[in-house]
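The values are calculated or read from the model by the stated rules, or taken from the named source; none is laboratory data. Everything numeric in this text was worked out from a predicted model, so none of it was measured. For neighbour counting, all protein chains shown are included, and Cβ atoms are generated from backbone atoms with ideal geometry for every residue, glycine included. Surface accessibility is based on the protein's heavy atoms, side chains included, excluding ligands, DNA and RNA. Shrake-Rupley method; radii C 1.70, N 1.55, O 1.52, S 1.80 Å.
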Amino acid sequence: MLHPLHPIAFSKIMRKLLFIIMLASVLALNAKETKTSLPLAFGVSYNHAFKNNQHGWAAKLQADLGHRFRLEPEMMYFAVHDGVSTLDLNLNLHYRMRLFDGFAIYPFIGVNYSHWGYDGPNASRWGANLGCGAEYRISHRLSLFTEARLQFVSHETQPLLGAGLKYHF
């Protein structure tokens with residue numbers, strides 16, 4: 001049995017803890033809403049990480065925290081490129097600004113947990129996100145969005161660009 005502070009055991013504990021925190025925050029936000037509206041959206045996106053030239057997919061759940069703020073747990077997976085695959089878990093806070101009917105922009109900040117799978121030993125690090133996005137509501141239930149972000153992990157900066165589709169509940 002591994003010691004709880006061993007890097008592999010610690011990594012597993014942190015992943016479970018981050019998942020529990022994200023799930024609890026979404027459930028807590030949902031519990032205080034009225035029956036007439038669920039300010040939740042689920043989205044998928046295609047993403048490109050420029051530093052490692054990786055392509056990947058993301059799934060996100062967005063919960064409104066009033067008129068302007070939104071909390072977003074997100075999971076991104078980047079496919080194997082040069083022997084490296086990446087799994088990112090993000091928790092972002094958006095500040096939404098509606099410019100006109102159906103169109104909004106939103107700067108965001110957040111925390112990031114990145115796990116890299118190599119041919120040899122794996123690595124995991126905590127980091128931060130800083131970015132900006134735009135979304136356009138194409139119907140009552142669907143919207144298109146695009147995001148650009150900088151991911152600060154350890155002493156490296158990774159630019160990311162993504163675009164996707166959201167379903168509003």
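Against the criterion of being under 22 Å from L142 (Cβ atoms), surrounded by 13 or more Cβ atoms within 10 Å (Cβ to Cβ) and aliphatic (A, V, I, L, M), A58 qualifies. Scan segment 77-106 for residues that are among the aliphatic types (A, V, I, L, M) and free of Cβ contacts under 8 Å to residues at least 40 places away in the same chain and jot them down. Of everything in segment 77-106, those that are among the aliphatic types (A, V, I, L, M) and free of Cβ contacts under 8 Å to residues at least 40 places away in the same chain turn out to be A79, V80, V84, L87, L93, M97, L99, A104, I105. Under 6 Å by Cβ, and 6 or more places apart or on different chains, what pairs join a residue from segment 151-163 that is at positive phi with one that is at pLDDT 90 or above? Once the first residue is at positive phi and sits in segment 151-163, its partners that are at pLDDT 90 or above give S154/R125.
So, of the residues in segment 65-92 that are assigned to a strand (DSSP E or B) and among the small types (G, A, S), which turns out to be most open to solvent (accessible area, probe 1.4 Å)? That would be A79.
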